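A short worksheet on the structure shown next.
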Amino acid sequence: MGLAALVGMGSEGGAISLLLGACLVLGSLGLLTLSRLDRHFRLGAPLGYVRWSLAGLVAGTVASMPLLWLLPGQWLCLWPLLAVAYFLTRILRR
């Protein structure tokens, strides 16, 4: 629903809405990956392919960077980068 609203803004904010829509999709993939990694390290659930986990972490990183640029003063957008650093360290230590 939110993605359709962002893309439907038309010519008024076309490029910005498209960028926000891409951030929404990539950020959702990043959050899903963080959730799966958390479940893996806390509960011992199977991790699956490490490459998919790394791709999800990259997607979350790519999504949070434009948000820092588009939303000035929103330092809350940095928390996915901290989570990516934490889980990347946990994966590499494995």
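The values are calculated or read from the model by the stated rules, or taken from the named source; none is laboratory data. Since the structure is predicted, the reported quantities are computational estimates derived from the model, not experimental observations. Quick reminder, even Gly has a Cβ in these numbers, built from the backbone with ideal geometry, and neighbours come from all protein chains shown. The protein model used for the area step is the full one, side chains on, heavy atoms only, and it has no ligands, DNA or RNA in it. Shrake-Rupley method; radii C 1.70, N 1.55, O 1.52, S 1.80 Å.
Tally the residues that are small (Gly, Ala, Ser) and at pLDDT below 80, restricting the search to the stretch 59-94. Full working, then the answer.
As a first pass, look at the stretch 59-94 and keep what is small (Gly, Ala, Ser): 59-60, 63-64, 73, 83, 85.
Next, from what is left, pick out any that are at pLDDT below 80: 73.
Of the residues in that region, 1 qualify.
I'm told Gly56 meets every condition in (1) modelled with pLDDT of 80 or more; (2) under 16 Å from the mean Cα position of the chain (by Cα); (3) open to solvent by 50 Å² or more (accessible area, probe 1.4 Å); (4) not charged (D, E, K, R) except one. Can you identify the failing condition by its number?
Only one criterion in (1) modelled with pLDDT of 80 or more; (2) under 16 Å from the mean Cα position of the chain (by Cα); (3) open to solvent by 50 Å² or more (accessible area, probe 1.4 Å); (4) not charged (D, E, K, R) is unmet by Gly56, namely (3).
Within the group Leu47, Leu37, Leu31, which residue is among the aliphatic types (A, V, I, L, M), open to solvent by less than 80 Å² (accessible area, probe 1.4 Å) and part of a helix (DSSP H, G or I)? I'd like the intermediate steps shown before the answer.
Working: Leu47 fails: part of a helix (DSSP H, G or I); Leu31 fails: open to solvent by less than 80 Å² (accessible area, probe 1.4 Å).
Of the residues listed, the single one that is among the aliphatic types (A, V, I, L, M), open to solvent by less than 80 Å² (accessible area, probe 1.4 Å) and part of a helix (DSSP H, G or I) is Leu37.
Cβ contacts < 9 Å: first residue more than 17 Å from Ser35 (Cβ to Cβ), restricted to the stretch 83-94; second residue modelled with pLDDT under 90 and assigned to a loop (DSSP other than H, G, I, E, B), any location; separation 6+ or different chain. Result?
Arg94/Leu47
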